[in-house]
Amino acid sequence: MNQLGVIFRRELSSYFATPLAYVFIMIFLVSAGSFAFFFGNFFQSGQADLRIFFNYHPWLYLFLVPALSMRLWAEERKSGTLELLMTLPVSLADMVLGKFLAAWVFTGIALILTFPIWITVNYLGDPDNGVILGGYIGSWLMAGSLLSVGSCISACTKNQVIAFIITVVVCFFMMMSGMSIVMDWMPGWFATWVLESIAALSFLSHFNSISKGVLEIRDLLYFLIMMGGWLMATAIVIDIKKAN
């Protein structure tokens, strides 16, 4: 646990030691506010809720989260510090989990900083704060799932740009699975249960369910299993690279 804490603190402090943290947070806050208030017609909707605000989060995360995750392992491999990390008395699981948790907490900080929008909607009306809290939980869980995908892909390459592009593509298909833009590509000879299984992998369907304030166990488990699976894949990839 101590080793995990050391890795976590090292990674989290490294974000704020560079302009990356401040640029990421600024872009996220400005984009989230702009999409909600201008493109989503927040005031014109006449609804005292943050449904419009959360509707744009998946698309913001689709580009911002890969930009955050691309450095997790690719930078370590390119600079040669991964080999140094491997010589430290830290388990591979602690390294993978510590790096991931630091990035996840960082996205959580960016999400918390949108609290003025929550205050605004409470000032203007009488919203259901339980539903809004569900939206924040769903948004953070989805950011964690996208980060876990990006962590695994970052471990596969030394090039951060390649890691970014592949992560965006993979996350896009996982987000859109179940919708016609992806399902139309599926060959007709796939069994129905296969198509339904692919559709069930959609980030969007589970996020939309939680953002409506419906906290079902299956949706929470989906995100937790997704994060656990991709982080295990990250550890396997790093172990293989280390062996090579």
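The values are calculated or read from the model by the stated rules, or taken from the named source; none is laboratory data. It should be emphasised that the depicted structure is a prediction, and the values quoted were computed from it without experimental measurement. Cβ coordinates were reconstructed from backbone atoms using ideal geometry, including for glycine residues, and neighbour counts include every protein chain displayed. Surface accessibility is based on the protein's heavy atoms, side chains included, excluding ligands, DNA and RNA. Shrake-Rupley method; radii C 1.70, N 1.55, O 1.52, S 1.80 Å.
Across the chain, C-alpha contacts under 8 Å between residues 6 or more apart give a mean separation that, scaled by the residue count, equals a relative contact order of 27 percent. Computed from label points 7 Å out along Cα-Cβ, the spacing between Ser31 and Leu88 is 3.0 nm.
With every protein chain in place and a 1.4 angstrom probe, the accessible-area ranking of Arg51, Arg77, Arg218, largest first, reads Arg218, Arg51, Arg77.
Lys212 exposes around 150 Å² of accessible area when a 1.4 Å probe is run over every protein chain in place.
For Phe115 and Ile162, what is the calculated FRET efficiency with R₀ set at 35 Å and r taken between the beta-carbons, to the nearest 0.05?
Details: r = 36 Å, r/R0 = 1.02.
Efficiency at R0 = 35 Å is approximately 0.45.
Once the Cβ-Cβ distance of Glu75 and Val169 is raised to the sixth power relative to R0 = 25 Å, the FRET efficiency obtained is 0.75.
From Cα pairs below 8 angstrom and at least 6 apart in sequence, can you work out the relative contact order of the stretch 41-154, rounded to a whole percent? If you can, show how the numbers build up before the last one.
Working: 70 pairs, mean separation 63.2, N = 114.
Relative CO of the stretch 41-154 lands at 55 percent.
Take the Cα of Leu220, step 7 Å toward its Cβ, do the same at Asp184, and the gap between the two points is 3.8 nm.
Report the net charge of residues surrounding Glu11, where surrounding means a beta-carbon distance below 15 angstrom and charges are Lys +1, Arg +1, Asp -1, Glu -1.
Numbers: positive: Arg9, Arg10, Arg71, Lys99; negative: Glu75, Glu76, Asp94.
Overall, the nearby charge balance is +1.
Which is farthest toward the positive dipole end of the chain among Ala102, Thr114, Ala200, measuring Cα position about the Cα centre, with Cβ charges +1 (Lys, Arg) and -1 (Asp, Glu)? So the residue furthest toward the plus end is Ala102.
Give me the compactness ratio for the stretch 189-235, meaning the Cα radius of gyration over 2.2 N^0.38 Å.
Against the empirical 2.2 N^0.38 Å value, I get 1.33 for the stretch 189-235.
Grab the DSSP H runs of the chain that are 4 residues or longer, score each as -39,500 (n - 2.57), total them, divide by all residues and round the 222 nm result to the nearest 500 deg cm²/dmol. Walk me through the numbers before you get to the answer.
On the way: 14 runs with 190 residues, N = 244.
It comes out at -25000 deg cm²/dmol, rounded to the nearest 500.
Share of carbon and sulfur in the accessible area of the chain stands at 71%, probe radius 1.4 Å.
Could you work out the mean projected area of the convex hull around the alpha carbons of the stretch 3-57, in square nanometres to one decimal? All intermediate terms of the calculation are to be shown ahead of the outcome.
Working: hull surface 20.1 nm².
Across all orientations, the stretch 3-57 yields a mean hull projection of 5.0 nm².
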